Each structure stands twice: as structure tokens, then as C-alpha cells.
Amino acid sequence: MRNPILNSFEELESCYDQLMSWCDVLQAIADFLPCHIDESLCGRISRGLIPLLLTTHQLEERSISSALGLIMEVEELADARERRYAGRLFDLDAAQHVVFTLETLSEGRCRLSWEAVGYQLRSFFCSMRRHIKSEREIIRLLRRAMDGEPASRSHDATAQTDAA
């Protein structure tokens with residue numbers, strides 16, 4: 001029988017792939033503003049971003065946060081979990097702003113300047129890409145620890161964990 005945490009990692013990777021695809025789309029939108037806005041694309045992202053992010057956060061909590069003890073000292077766990085929780089709240093808030101902006105853009109009633117819209121989209125997708133990169137590094141460390149390999153306590157590994 002497969003390890004349920006490893007199954008969660010696979011589900012999480014699927015969510016990360018979808019989020020990265022949407023980051024690419026948001027970057028394209030930001031790069032080509034104020035050109036034509038594809039209303040159906042904005043609608044699809046608006047309807048799907050929050051549910052995808054909530055699913056991703058649940059999977060992170062279930063698979064990563066619950067296993068952090070494999071790569072961290074007990075004294076570090078509470079702070080790491082608190083930082084991770086705060087990061088998820090920040091991501092969710094930023095996503096809600098992006099969804100609102102996309103909805104108003106597709107309806108032609110956005111009151112933000114094109115520069116502000118571009119900045120907001122870039123801020124979100126850059127932050128999301130950094131988050132995913134950090135989480136994937138943590139997953140790599142957890143997989144190594146689960147496979148019985150000694151966990152590298154290098155500065156880079158600790159820095160990646162702190163960034164999440």
C-alpha cells in the first residue's frame with residue numbers, strides 16, 4: 001500500500017502545475033494590457049482560482065505541514081507552521097483581489113488603471129511562483145527523509161523552509 005502522504009504529494013503537484021499554468025496566463029494578460037481582454041478566460045480563472053488555491057492549501061496542510069517533523073527540529077515546528085499559515089492567508093487574500101479584478105475587467109467596469117492591474121497580477125503570480133518553488137523544495141526534502149536518506153540541514157534547505 002502506498003504512503004498517503006506520497007499520494008498527497010502527487011495531488012499537490014497536479015495543483016501546482018495548474019496554478020503555474022494560470023500564473024503564465026496571468027502574466028500574458030499583464031504583459032498585453034490594455035489590449036483585448038478575453039472575458040471567457042478571465043471568467044474561467046475567476047471561478048476556479050479560489051477553489052484551486054483552497055484545495056492546494058488543504059493538501060499542503062495534510063501532506064507537508066503534518067510531515068515537517070521529518071526535516072525540522074521540534075523547536076522550529078511551531079514557527080514554521082505559523083509562517084506557513086500566514087502565507088496561505090496572504091495567498092488567499094491576494095487571489096481574492098485578483099479574482100475581483102478579473103471579474104470587473106471581463107465586465108468592462110474595472111476602475112483600476114492598466115498599470116495597477118498589471119502590478120496586481122504580477123505581484124500575485126510572482127508570489128505564487130515563489131511559493132510553489134519553495135513548497136516543491138520542501139517536498140523534495142520530505143521525500144528524501146521518507147526514503148531514509150539523511151536530511152541535509154544546509155543553510156539553503158533551512159532558507160527554503162523559512163520562505164514558505
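Values for this structure:
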item	result
The chain: translational diffusion in µm²/s, Stokes-Einstein, Kirkwood Rh over Cα pairs, 4 °C, 1.567 mPa s	76
Rounded to 10°, Cα long-axis angle of helix 114-146 versus longest principal axis of the chain	20
Using θ = phi - 60° and Karplus 6.51 cos²θ - 1.76 cosθ + 1.60, couplings along the range 93-105 (whole Hz; Gly, Pro as x)	4, 4, 5, 5, 5, 4, 4, 4, 5, 5, 4, 5, 5
Karplus-derived 3J(HN,Hα), 6.51/-1.76/1.60, for each residue of the range 25-42, Hz, glycine and proline x	5, 4, 5, 4, 4, 4, 5, 9, 5, x, 4, 3, 9, 7, 4, 5, 5, 4
Accessible area (Å², per residue) of the chain, counting only protein heavy atoms and a probe of 1.4 Å	56
Cβ crowding within 10 Å averaged over residues, with 140-148, 128-136 ranked highest first	128-136, 140-148
Accessible surface of the range 36-137, 1.4 Å probe, proportion on carbon and sulfur as whole %	56
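The values are calculated or read from the model by the stated rules, or taken from the named source; none is laboratory data. Only a predicted model underlies this, so the values are computations on that prediction, with no experimental measurement involved. Glycine also receives a Cβ, built like all others from the backbone with ideal geometry; neighbour counts cover every protein chain displayed. Surface areas here come from the heavy atoms of the whole protein model, side chains and all, with no ligands, DNA or RNA. Shrake-Rupley method; radii C 1.70, N 1.55, O 1.52, S 1.80 Å.
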